[in-house]
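Just so it is clear, none of the values below were taken in a lab; they were calculated from the coordinates. Fair warning: this is a prediction, and the values are worked out from it, not measured in the lab. As a convention, Cβ positions derive from the backbone with ideal geometry for all residues, glycine included, and neighbour counts pool all protein chains shown.
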Amino acid sequence: MDSPDFATLLAALRGLVLRHEDHELLRSWLATVNDAADCIAMIDQAGAEKCCPRCGSARSHRCGRASGLQRWRCIACGRSYNALTGTTLARLRKKECWISYFQCLLDSRTVRASAETVQVHRTTSFRWRHRMVSGFMRERPAHLAGMVEADETYLLESQKGSRRLTRPPRRRGGVASHRGIGRDHECLLVACARGGETLDFHCGRGPVTSAQLGQCLAPVLAPGCTLITDGAAAYPAFSKRHGITHEAIKLRAGVRARGAFHLIHVNGWHGRFKRWLVRFHGIASRYLINYSGWWRVLDARRPDTPAGLLTAAIKAG
Ligand SMILES: [Zn+2]
């Protein structure tokens, strides 16, 4: 650290009157310097008790290091792996920048702003965003218990970024070709338990069907729960088939609540999600579930640190 170059640099820095923006730049640069070793250590730590991703055996021994990471060799199948094998982060480069990038995700920065902060190319920034988000969003509640509010929200289908549109382009964001919810709309189903646990599902295009509810909700609703919905046709049919207690709130008839039965939490979630999405100026439908998963983590504030997100992405793998 005490090379003449550095001493000269430091003296020059001390002689400068630094503006607020300069302080910020220095601080963020220093953070990335600290992050390099920290990040490798965190990755190794998060993957320390990992079973073999190929055969599931827990018996392994240390086998040198590769790409900076501890390598393990499985005693059962003889294959080697590291903490990232089998996760969405496998084979991404520049690990020393990941912690800063996870901070950008916590700050909901755009692809371009994140690329500038971390000093990577925009295409790298885009790839990292979706690989990291699709990693940490996999850590989600296994079940929803007690009173569970469920409702869908719809977003206009978008082929943003696609080179081959399957329909004529829309102008200025555009409007649907028909009134009401139809094949132009992507359906995002959200279910919230009163304890705050939330699950999101992309059901494809058009109004939700009872078969889709069966696929999404049936495996995650705990026995004895009460499902609260707006009473759209698919819900009573689904509830009856699966023997789930169902309470409908007729929002369209102006009813907002019946005692403890209401949809305030799930509709609040929809509103916050859509307001948060505005900053991205439209998202491609094929990434909708990544954005809702990203928002689910931000909204729950769990995890709320870059290290927490990194660990979640590795453990979920
Ligand atoms: Zn193995």
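Table for the structure above
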{"read-out": "Sorted by Cβ density within 10 Å, fewest first, the residues Trp128, Trp276", "value": "Trp276, Trp128"}
{"read-out": "Label-point gap, in nm, between Cys77 and Leu26 - each point 7 angstrom along Cα→Cβ", "value": "5.1 nm"}
{"read-out": "Degrees between helix 288-300 axis and first principal axis of the chain (Cα, 0 to 90, nearest 10)", "value": "80 degrees"}
{"read-out": "Helix-only [θ]222 nm of the chain, DSSP H runs n ≥ 4, -39500 (n - 2.57) each, per residue, nearest 500", "value": "-12000 deg cm²/dmol"}
{"read-out": "Column: log10 I(q)/I(0), Debye, Cα scatterers of the range 2-128, q = 0.11, 0.16, 0.22 Å⁻¹", "value": "-0.54, -0.89, -1.21"}
{"read-out": "Hull volume in cubic angstrom per residue (convex hull over the Cα atoms of the range 140-244)", "value": "125 Å³"}
{"read-out": "Kirkwood Rh, angstrom, the range 21-80 [1 / mean 1/r, Cα pairs]", "value": "13.5 Å"}
{"read-out": "Net charge over other residues, Cβ less than 10 angstrom from the Cβ of Leu213 (K, R count +1; D, E count -1)", "value": "0"}
{"read-out": "For Gly317, net neighbour charge (Lys/Arg +1, Asp/Glu -1) across residues whose Cβ lies under 9 Å away", "value": "+3"}
{"read-out": "nm² value of the averaged projected area, convex hull over the Cα atoms of the range 202-292", "value": "6.9 nm²"}
{"read-out": "Distant-in-sequence amide H partners of Glu157 (H built 1.01 Å from N, under 5 Å)", "value": "His185, Glu186"}
{"read-out": "Highest-first arrangement of 221-231, 79-89, where packing means the average Cβ count within 10 Å", "value": "79-89, 221-231"}
{"read-out": "Those aspartates and glutamates that a straight Cα-Cα span of less than 16 Å connects to Lys50, excepting residues fewer than 8 apart in one chain", "value": "Glu139"}
{"read-out": "Dipole in debye (nearest 20) - the range 120-187, about Cα centre, beta carbon charges: Lys, Arg +1; Asp, Glu -1", "value": "740 debye"}
{"read-out": "Kirkwood Rh, Cα atoms: Rg over Rh of the chain", "value": "1.05"}
{"read-out": "Proximal aspartates and glutamates to Lys250, defined as alpha-carbon separation beneath 20 angstrom and excluding residues fewer than eight positions away on the same chain", "value": "Glu149, Asp151, Glu152, Asp230"}
{"read-out": "Cα centroid separation, the range 102-167 to the range 241-312 (Å)", "value": "14 Å"}
{"read-out": "Nearest-20 debye value, the chain charge dipole, Cβ charges on Lys, Arg, Asp, Glu", "value": "1220 debye"}
{"read-out": "Three semi-axes of the equivalent ellipsoid, the range 46-204, Cα gyration tensor, whole Å, largest first", "value": "37, 24, 16"}
{"read-out": "Beta bridges by DSSP in the chain, antiparallel share as percent, to the nearest 5", "value": "75 percent"}
{"read-out": "Net charge over other residues, Cβ less than 9 angstrom from the Cβ of Arg296 (K, R count +1; D, E count -1)", "value": "-1"}
{"read-out": "For the range 108-202, the Rg and Dmax computed from alpha carbons only, in angstrom", "value": "17.5, 46"}
